[in-house]
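**Q** Before I ask anything, let me first share the structure, which is written out below as structure tokens.
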Amino acid sequence: MTIRSKKPNYLIVAILSLLVVTSCIKFPQPDPGVVSDIPESFDWKTVQSVNVNVQVNSINGISDNYIRVIKVYSSPMLKDGSLLSSGAAKPGTPFNVNLTLPTSLQSLYIQEILPDGSRTLTKTDITSKSISINTASGITKSSSNAAQNAAFTSPSVPVPANFDVIISNNNSVSVVGFTAGQSSAYGNQYKSYLIPAGVTRTANIDMGNYISHAILYVKGTLKMTGNMGLNKSTIVVLDGGNVEVGGLSCGVFEADLPVFYVEPSGSFYSSKLVNFSDGSDMVNKGTFTVNHNIDVNSSSTLYNEGDIIVSKRGYGLLVSNNSKLYNSGSIDVKKFEITVSASTVNDLGGIIKTETYYQSNGTVVNNHGEIIATTSFKTSGGGIINNFCNITASLTDLQGSVSNLYDGSLWETLTSKFNTCDINMYGGSIFLTGNISAVWDLSLASPSETYSLFKATDNVPDLRYAGSHISGRIEFVHTNLTEGSGTNGRQLYEGLFTDGLALLSKNQTKNILASTCNNAAGQIVAPPPAIVDNDADGVAEALDYDDNDASVAFVSYFPSESTWGTYAFEDTWSWKGDYDMNDLVLSFRITYFTNSLNKVTKMKFDHKILASGSGIQIASAFQLDNIASSSIASVSGQELAGTSPFSVTANGTELGVSKAVIPIFNNVRDVVTDDFGILLNTVDGIYFNTPSGSLTIQFTSPQETSNVSMDAFNFFIVPYKSDNVSRSKEIHLPTFLPTTKIDATLLTGDQLNYSDKYKYSDGMMWGIMIPEKFDYPKEYESIGNAYINFFRWATSGGVEFTDWYKDLDGYRDNSKIYNN
């Protein structure tokens with residue numbers, strides 16, 4: 001039993017499982033709706049290989065022997081997790097890398113960071129398979145100003161040396177406090193219950209206490225399908241503990257204790273709504289993951305010093321009705337809303353990352369860390385934002401709000417809209433925008449004796465009739481400024497600069513000292529470089545990924561630093577199946593660790609099984625096509641039970657293969673240990689929370705990046721029957737070859753394409769890789785029916801609808817896509 005979004009109907013699962021066994025392993029039902037005019041040359045790739053060559057220039061005052069750091073991003077926001085690759089360059093020694101990019105991606109953003117912190121950003125369009133960029137010098141970074149800290153102290157909970165009740169089985173349990181006249185034999189103030197380490201409980205626990213306060217401590221594992229309703233009770237997840245519930249809510253609460261507490265190595269997961277209310281206190285120092293909203297309301301307080309994750313589209317963290325959020329950890333959600341007199345303190349080191357940020361009336365946000373809004377940052381009907389450090393947004397839309405920008409802070413956005421709002425810029429603060437799309441009643445003011453910087457790098461509308469004013473020591477830099485009254489003409493703006501202090505410039509003249517928060521976005525006078533290099537690899541400490549390890553200076557990612565790719569397979573090769581592409585669905589991210597010579601010393605493969613709708617067993621592995629097995633020093637993190645179908649040598653590579661084959665798991669059930677029957681996450685309304693895994697591959701000697709690029713990353717599955725475990729069958733993506741362990745007789749047959757044995761004779765495939773999270777079809781629904789433009793992409797040879805897999809209007813039939 002495990003977490004589900006609703007209680008499963010096991011009769012339905014059993015019937016579907018029987019159908020799977022009889023239909024997922026042979027052709028032809030149900031009809032996948034395949035068309036016959038797929039071009040012979042079509043390779044089914046959603047990505048392309050692009051070689052990027054970055055030349056850097058000599059700079060006066062900086063030796064050519066100093067390394068420049070190059071970072072390649074897929075977005076100009078830079079802080080939205082879009083980092084693709086990083087490495088070293090010197091004048092005469094360019095940074096050269098082969099990137100695997102989504103075919104739908106149109107542009108790259110190349111950042112150069114000099115040893116003194118100076119950095120430039122260059123945009124380049126992806127117009128060919130080979131791109132050359134020559135950077136120019138730019139602004140400089142120092143650490144003269146630091147972020148202001150707003151430290152907070154979270155409440156604590158008592159952890160007894162001895163517990164009143166030990167829970168070690170699935171027997172019925174109600175967590176209740178001491179009755180009148182009762183007390184703890186161990187002197188505990190509150191009656192304490194413990195699920196100890198090594199115990200897994202899969203039965204619900206009744207927390208609807210009606211007596212005195214009680215506390216449930218979890219050191220082992222608790223998996224509840226139902227909602228955990230906390231009434232006069234507290235849930236504490238101790239270090240190493242794991243709790244999974246089908247929702248969390250609060251009732252009557254009388255003790256002066258947090259209602260919810262997760263220690264640093266503890267984890268809490270809810271598949272449904274989490275609601276904290278009625279003045280509750282919550283503390284998370286571990287990992288708090290929710291597949292729905294986290295609703296903090298009615299004067300409640302959430303303290304986060306760990307990780308809060310809400311990855312489901314359209315859901316996030318909602319703080320309202322006089323509630324408070326204190327964050328010094330990481331919050332990664334799809335939406336972040338603070339409304340109705342609520343407040344937030346984002347402490348030094350705290351990160352709030354969201355797609356959409358929304359703030360309304362009576363609210364106050366004090367940001368001493370980072371806030372990243374990848375889609376929009378909006379205010380409406382009031383609210384105060386005090387920015388002491390860094391805010392980054394795609395769109396900043398301020399309506400009826402007051403924003404105070406303090407010394408050393410940066411607010412950076414691609415597009416801005418201002419309506420009846422005040423922006424107060426204290427000396428040394430920066431607001432950096434691309435274009436300003438709309439302005440009405442903007443008050444831009446500074447009370448300081450030193451200058452701040454407001455900079456627009458794109459178009460700015462006519463401000464003569466916008467009811468706005470600019471005052472105080474603010475340099476308003478408009479890089480597209482022209483003379484006259486035409487578009488971006490000086491006469492459209494100069495009437496606002498009448499106090500003798502505010503400046504209108506085309507080029508920045510006032511230097512803004514770099515800080516730990518502003519990315520040196522306003523520094524135009526470079527201080528002398530002060531270089532610290534602890535591991536003597538030539539990369540400065542501030543720019544080195546690990547300055548205590550000379551083998552690791554930089555990191556690169558596929559698909560990117562914060563996104564995941566997806567492999568999706570049919571298990572019926574070499575015959576067709578239903579093409580629901582959910583017999584194995586696995587999300588992944590690859591991290592490459594490189595040294596100062598831009599060679600790969602190790603790599604990491606993070607993965608998570610999302611679904612397995614197969615009637616047979618599935619194993620998986622990948623072959624590094626250009627790496628010998630003897631070049632692998634070690635592999636850690638494999639989840640292999642037994643030695644079939646994969647058996648490994650001491651270094652973690654598959655036995656009996658000369659190339660480096662890295663097994664991931666021998667059976668989906670080795671990873672997903674819950675009893676999910678046959679179908680895993682392919683039937684609507686039945687959901688199992690699956691664990692994440694991570695493999696780390698250490699090389700015996702540094703490798704060229706091209707040897708481990710995605711072109712040479714050969715992921716495959718091995719399907720087999722439980723009563724006949726065999727390694728003989730492999731299913732790969734088109735264009736990739738099988739390993740030497742395959743039964744070569746399986747590569748014959750007229751039904752297979754003559755030149756690519758992992759395509760059918762009509763051009764269809766059995767496996768596909770998508771460079772982002774993929775919402776896969778539900779059981780028996782063809783991918784071509786679920787995704788409207790799938791076959792238009794295929795029959796065009798991959799030219800049209802390169803983004804067919806995205807959640808865009810008219811792109812998919814949601815009734816045919818799995819919904820948990």
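Quick note: the coordinates plus some simple rules give every number you see, no bench work behind them. Being a predicted model, the structure only gives us computed values, none of them experimental. So basically every Cβ, Gly included, is an ideal-geometry build from the backbone, and we count neighbours across all protein chains shown.
**Q** Which of the lysines could a cross-linker span from Lys455 if the Cα-Cα distance has to be under 17 Å and same-chain partners fewer than 8 positions apart are dropped?
**A** Cα-Cα hits under 17 Å: Lys417, Lys506, Lys510.
**Q** Can you find, among Ser556, Ala568, Val683, the residue sitting farthest towards the positive end of the charge dipole of the chain, where Lys and Arg contribute +1 and Asp and Glu -1 at Cβ?
**A** Toward the positive end, the furthest listed residue is Val683.
**Q** Out of the chymotrypsin sites (Phe, Trp or Tyr not before Pro) in the stretch 723-766, which ones are loop residues according to DSSP with at most 12 other C-beta atoms within 10 Å? Present the calculation step by step, with values, prior to reporting the outcome.
**A** Numbers: sites: Phe736, Tyr754, Tyr758, Tyr760, Trp766; in loops: Phe736, Tyr754, Tyr758, Trp766.
Filter output for the stretch 723-766: Tyr754.
**Q** Please give the calculated 222 nm ellipticity per residue for the chain, where each DSSP H segment of at least 4 residues contributes -39500 (n - 2.57) and the sum is spread over every residue; nearest 500 deg cm²/dmol?
**A** -1000 deg cm²/dmol
**Q** Ok, one more. Test of understanding: what is the full-extension gain from Ser658 to Ala744, defined as 0.36 nm times their sequence separation minus their Cα-Cα distance? List each step's numbers first, then the result.
**A** Values: separation 86, 0.36 × 86 = 30.96 nm, distance 1.71 nm.
Result for the pair: 29.3 nm of gain on full extension.
**Q** For the stretch 350-477, calculate the relative contact order in percent as a whole number, restricting contacts to Cα pairs under 8 Å that are 6 or more residues apart. Working shown, then result.
**A** Numbers: 413 pairs, mean separation 21.1, N = 128.
It rounds to 16 percent for the stretch 350-477.
**Q** Okay, next question. In the chain, what % of DSSP beta bridges are antiparallel (nearest 5)?
**A** 35
**Q** Using packing as a proxy for protection, rank 740-749, 496-505 so that the peptide with the highest average count of other Cβ atoms within 10 Å comes first.
**A** 496-505, 740-749
**Q** Here is a follow-up. Once R0 is set to 25 Å, what does the formula 1/(1 + (r/R0)^6) return for the Cβ-Cβ distance between Thr591 and Ser49, expressed as a FRET efficiency to the nearest 0.05?
**A** 0.85
**Q** Once you keep just the Cα pairs under 8 angstrom separated by 6 or more residues, what percentage relative contact order results for the chain? Spell out each step's value before the answer.
**A** Values: 2443 pairs, mean separation 94.3, N = 820.
Here the relative contact order equals 11 percent.
**Q** Compute the signed sum of charges (Lys and Arg +1, Asp and Glu -1) over the other residues within less than 10 Å, Cβ to Cβ, of Ala568. Kindly include the intermediate steps, with their values, before the conclusion.
**A** Working: positive: none; negative: Glu570, Asp580, Asp583.
So the surrounding residues net to -3.
**Q** Also, quick follow-up: Mind running the shape call on the chain? Use the C-alpha gyration tensor, a ≥ b ≥ c as the square roots of the eigenvalues: rounded below 1.5 for a/c, prolate if a/b tops b/c, oblate otherwise.
**A** Here the chain falls in the oblate category.
**Q** Dipole size in debye (nearest 20) for the chain around its Cα centre, Lys and Arg Cβ +1, Asp and Glu Cβ -1?
**A** Numbers: 54 positive and 77 negative charges, 90 e Å.
About 440 debye.
**Q** Between Ser692 and Asp278, what FRET efficiency follows from the Cβ-Cβ distance if R0 is 41 Å, with the result rounded to 0.05?
**A** 0.75
**Q** Work out the FRET efficiency for Asp458 and Thr127 from their Cβ-Cβ distance, taking R0 = 22 Å, and round it to the nearest 0.05.
**A** 0.50
**Q** Here's something else I'd like to know. Where does the charge balance sit around Ile67 when Lys and Arg score +1, Asp and Glu -1, over other residues with C-beta under 9 Å from its C-beta?
**A** Every neighbour counted, the sum reads +1.
**Q** Can I ask one more? What does the net charge come to around Val668 if you take all other residues with beta carbon closer than 13 Å to its beta carbon, with K and R at +1 and D and E at -1?
**A** -4
**Q** Something else: 7 Å from Cα along Cα→Cβ at both Asn707 and Ser796: what's the point-to-point distance in nm?
**A** Label at Asn707, label at Ser796, 3.9 nm between them.
**Q** Where does each of Glu541, Glu254 land when they are ranked from fewest to most other beta-carbon atoms within 10 angstrom?
**A** Values: Glu541 12, Glu254 9.
In order of increasing Cβ crowding within 10 Å: Glu254, Glu541.
**Q** Then there is this: Which whole-number percentage describes the relative contact order of the stretch 47-144, with Cα contacts under 8 Å and a sequence gap of 6 or more? Don't jump to the answer; show the numbers that get you there.
**A** On the way: 215 pairs, mean separation 35.4, N = 98.
Relative contact order comes out at 36 percent.
**Q** Then there's this: 7 Å from Cα along Cα→Cβ at both Asn65 and Ser644: what's the point-to-point distance in nm?
**A** About 6.2 nm separates the two model spin labels.
**Q** Using unit Cβ charges (K, R positive; D, E negative) and no other charged atoms, how large, in debye to the nearest 20, is the dipole of the stretch 475-605 about its Cα centre?
**A** With Lys and Arg at +1 and Asp and Glu at -1, about 460 debye.
**Q** Asn753 versus Lys90, label points 7 Å from Cα toward the beta carbon: distance in nm?
**A** 4.5
**Q** Considering only Cα-Cα distances, which of the following residue pairs are longer than 30 Å: Lys123/Lys353; Lys223/Lys378; Lys335/Lys608; Lys79/Lys773; Lys729/Lys778; Lys123/Lys272?
**A** Too far apart for the 30 Å limit: Lys223/Lys378; Lys123/Lys272.
**Q** Suppose the chain between Ala633 and Asp723 were pulled fully straight at 0.36 nm per residue; how much longer would it get relative to their current alpha carbon spacing?
**A** 29.0 nm
**Q** Would you mind classifying the stretch 220-297 by shape? Square roots of the alpha carbon gyration tensor eigenvalues, ordered a ≥ b ≥ c; an a/c under 1.5 is rounded, otherwise it is prolate if a/b is larger than b/c and oblate if not.
**A** Verdict is oblate for the stretch 220-297.
**Q** Between Asp546 and Gln182, what length comes free when the chain is fully extended (0.36 nm per residue of separation minus the Cα-Cα distance, one decimal in nm)? Could you put the intermediate results ahead of the total?
**A** On the way: separation 364, 0.36 × 364 = 131.04 nm, distance 5.57 nm.
Stretched out fully, the Asp546 to Gln182 stretch lengthens by 125.5 nm.
**Q** Which value, in debye to the nearest 20, gives the size of the charge dipole of the stretch 47-144 about its Cα centre, when Lys and Arg are +1 and Asp and Glu are -1 at the Cβ?
**A** For the stretch 47-144, the charge dipole is close to 60 debye.
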